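Before any comments, here is the structure.
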Amino acid sequence: MLRRFFILCSGADRTILEECSEGENNKYAGIGATVFFTAVMAFLASAYALYTVFDNVWAAVGFGLIWGLLIFNLDRYIVSTMRKRDSFWKELLQAGPRIVLALIIAVVISKPLELKIFQKEIDQVLLEEKNQMTLDNQEQLALQYAPAIAEKQAEIAAIKDEVASKEAATDALYETYIAEAEGRAGTGLLGKGPVYAEKREKHDAALAELQDLKSSSREQIAVIEDEILALEAGYAEAVDTSQPVIDGFDGLMARIDALGKLPWFPSFFIFLLFLAIETSPILVKLMSPKGPYDLKLQDAEDSVESWVKQKVDQRFHIADTDRQLNEKVYGEISEEEAVYRHKKEQAEALMQAHGDFFAKIERGRF
């Protein structure tokens, strides 16, 4: 039962193959098994590749099954349509387009399985790329928010400088009236005289202005700090919003690109493995000698071709003979006097009938 199934997969004519030896049956069963297992590998590879795209098991299995059936049909068609020739180079020329197709199929099949085999290495490459993308993203977002934050911080520094400058001036006035009272400066007189009172009054006015300035500065700084906090919150929100996009950077194309950054040697040999699997039915057909099945199949096809050619040639000769006979028969008839007289009488009767009918119509008008 299993051998019959594999023979069916090979695309061989079972009616002809039943007349051949066991070895010939086993050969085509092996070819069919190769076709079948190639389709199974195609199903697994495509299902995994589509799972990385859709992240859904049922969708991946459904599309993978369709792809596996497509590869199975293509391989079965390739093997079943190849014919053994008397020249190896003619067979190779015949198989050339099929080998190119097998090469394309091998690339399509091997790539998803390479992604699975080197998954850990690919994950490491993707992790490094994600980290770099996170840093680049933070730097790009910082370029949007940093100038505004720096401008607000500069405003706070300017307000603080103004307060410090006013405070230094007030301290200087304080030192002036204290020195006047102690006789160390100004009039040089010890005690609180009129000059002292004047300088004390200037200091007190400056101190009051300093207190007002500090109060208004605190309010301004508080408003600006709230604006800075809002900008920093916006920056953090922008980072948090864009981070899931970076974390999701592990799709099919990203993984294929990461695979390309790994050493090519192991990946190349996996490709060669699948190329050998995919082309093995074709290579078996090319390398195997012409067997009984090929001879019987060629005999059946040649007999059909000969029969069709014979039928076409027979129809052509029948038509040609019939044409020659018709020419001869009608040629002889045209020379007979009796036929001539009969045709003449019929023509005269027809012309008289037409004339009588025309005259009747004309008389009816008048």
| query | What's the FRET efficiency of ILE256 with ALA276 using the Cβ-Cβ distance as r and R₀ = 35 Å, to the nearest 0.05? | reply | 0.95
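Among GLU201, GLU114, GLU227, GLU278, rank each residue by its count of other Cβ atoms within 10 Å, from fewest to most, as a rough exposure measure.
In order of increasing Cβ crowding within 10 Å: GLU201, GLU227, GLU114, GLU278.
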| query | Near ILE221, within a Cβ-to-Cβ distance under 13 Å, what is the net charge of the other residues, with Lys and Arg +1 and Asp and Glu -1? | reply | -3
| Neighbour-count ranking [beta-carbon atoms within 10 angstrom, fewest first] of LYS261, LYS130 | LYS261, LYS130
| For the pair LEU283 and ALA338, how long in nm is the line joining their label points, each one 7 Å along Cα→Cβ? | 8.5
| field | Per-residue Cβ neighbour rank within 10 angstrom, fewest leading, SER303, SER280, SER110 | value | SER303, SER280, SER110
| Across LYS166/LYS202; LYS27/LYS116; LYS152/LYS202, pairs whose alpha-carbon gap is larger than 24 Å | LYS27/LYS116; LYS152/LYS202
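I need the peptides 345-352, 11-18 ranked by packing, meaning the mean over residues of other C-beta atoms within 10 angstrom, with the highest value on top.
Details: 345-352: 10.0, 11-18: 15.8.
Top to bottom by mean Cβ count within 10 Å: 11-18, 345-352.
Readers should treat all values here as calculations from the given coordinates under stated rules, not as data from a laboratory. These numbers were taken from a predicted model, which means no experiment stands behind them. Heads up, the Cβs are rebuilt from the backbone with ideal geometry, glycines too, and the neighbour counts pull from every protein chain shown.
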